[in-house]
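The structure appears below as structure tokens.
The values are calculated or read from the model by the stated rules, or taken from the named source; none is laboratory data. Source: prediction; values computed, not measured. Note: ideal-geometry Cβ built from the backbone for every residue, glycine included; neighbour counts use all protein chains shown.
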Amino acid sequence: MTSRRVATDTSDFVPVLNAIRAENPDVILYLDLDPARAGQFSLTAYNLGMTDVVISWYSFTNDESVLVTYADAALPLPAEGDYVAMIFRRFEDMPGWTTFLAAYQAAAFPNEPDDPGVFGAYAYDAVQIIIAAMERADSTDPLAIRDQIAATTDYEGVVGTYQGFDSNGDVIPQWAWLEQYRNGQWVILSPSKVSLPIVLKSD
């Protein structure tokens, strides 16, 4: 990464993109929760002639409907070749999702939504990993429990198989996938096998 810039006016990306263009970038990674703004960012870059720069967007979601919104905002030609990093894991790729969802809905929690969502699946797995670590530690000592959490390997959860934790305490893998817009459609490049952060490099 050569620089970071903040778009102070997301209704007009021309100033920030002109500043970025002066640095002759290979790749631009755009961070925003709004897929329409991300698509507008791509369209503006295209209109400024930055067609040799790889545009990528970090979506912060596993909801693939944002891809349609992005492409509609960017328009097909400007979006061609763009990358989008989708995070978490698609529900259809979670081996335990169907069973988990059925059990959750059968519980009929009175003050909760009918769908636990992606955070519900991850939270459930996290609690189960902690409980299993407490049982292995056979102790209420936080350090002993922490060490057992760190020693977790190949835990079969709702989301998938948790291989373990790295030296920073981050779970392995951090499920995500990468899609690219090609010929008017989104193509999955790496389904649920990418460990974040995703780095894009051009030759």
Filtered residues of region 57-68 (kept if buried (at least 16 other Cβ atoms within 10 Å of the Cβ) and at pLDDT 95 or above)
TRP57, VAL66, LEU67
List every residue pair whose Cβ atoms lie under 6 Å apart, where the two residues are 6 or more positions apart in sequence or sit on different chains, the first residue falls within region 124-136 and is at pLDDT below 95, and the second residue, located anywhere, is not in a helix (DSSP H, G or I).
none
Could we say that ASN183 is loosely packed, with under 15 Cβ neighbours inside 10 Å, touching a residue at least 12 places away in the same chain (Cβ under 8 Å), under 30 Å from ASP32 (Cα atoms) and of a type in the set (S, T, N, Q) here?
yes
One residue is enough: does region 107-114 have a residue meeting the conditions over 20 Å from the mean Cα position of the chain (by Cα), in a loop (DSSP other than H, G, I, E, B), aliphatic (A, V, I, L, M) and within 30 Å of VAL158 (Cα to Cα)?
yes
Which count do you get for residues in region 132-149 that are over 28 Å from LEU101 (Cα atoms) and either in contact with a Phe, Trp or Tyr (Cβ under 9 Å, 6 or more places away or on another chain) or aromatic (Phe, Trp, Tyr) (or both)?
0
Scan region 87-126 for residues that are within 26 Å of TRP177 (Cα to Cα), surrounded by 11 or more Cβ atoms within 10 Å (Cβ to Cβ) and aliphatic (A, V, I, L, M) and jot them down.
ILE87, MET94, LEU101, VAL118, ALA121, ALA123, ALA126
Of the residues in region 165-187, those that are more than 19 Å from the chain's Cα centre (by Cα) and not in a loop (DSSP other than H, G, I, E, B) number 2
Can you spot a residue in region 38-47 that is modelled with pLDDT of 95 or more, of a type outside the set (D, E, K, R), within 17 Å of TYR181 (Cβ to Cβ) and within 18 Å of the chain's Cα centre (by Cα)?
yes
Which of the residues that make up region 62-88 are touching a strand residue (DSSP E or B) at 6+ places or on another chain (Cβ under 8 Å) and part of a loop (DSSP other than H, G, I, E, B)?
ASN62, GLU64, GLU80, GLY81, ASP82, PHE88
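Scan region 28-52 for residues that are of a type in the set (Val, Ile, Thr) and touching a strand residue (DSSP E or B) at 6+ places or on another chain (Cβ under 6 Å) and jot them down. Walk me through it before giving the result.
To start, the set of residues in region 28-52 that are of a type in the set (Val, Ile, Thr) comprises 28, 44, 51.
The one that is of a type in the set (Val, Ile, Thr) and touching a strand residue (DSSP E or B) at 6+ places or on another chain (Cβ under 6 Å): ILE28.
Take region 150-160 and flag every residue that is in contact with a Phe, Trp or Tyr (Cβ under 7 Å, 6 or more places away or on another chain) and on the phi < 0 side of the Ramachandran plot. Before you say what the answer is, go through the steps one by one.
Taking region 150-160 and keeping what is in contact with a Phe, Trp or Tyr (Cβ under 7 Å, 6 or more places away or on another chain), we get 150, 152, 155, 158-160.
Across region 150-160, the qualifying residues are ALA150, THR152, TYR155, VAL158, VAL159.
Of these, PHE13, PHE41, which one is buried (at least 19 other Cβ atoms within 10 Å of the Cβ), touching an Asp or Glu at 6+ places or on another chain (Cβ under 8 Å) and among the aromatic types (Phe, Trp, Tyr)?
Working: PHE13 fails: touching an Asp or Glu at 6+ places or on another chain (Cβ under 8 Å).
Testing whether each residue is buried (at least 19 other Cβ atoms within 10 Å of the Cβ), touching an Asp or Glu at 6+ places or on another chain (Cβ under 8 Å) and among the aromatic types (Phe, Trp, Tyr) leaves just PHE41.
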Do we find a residue being of a type in the set (Gly, Ala, Ser), touching a residue at least 24 places away in the same chain (Cβ under 8 Å), assigned to a loop (DSSP other than H, G, I, E, B) and not assigned by TED's automatic domain parsing to the domain that holds VAL159 anywhere in region 30-46?
no
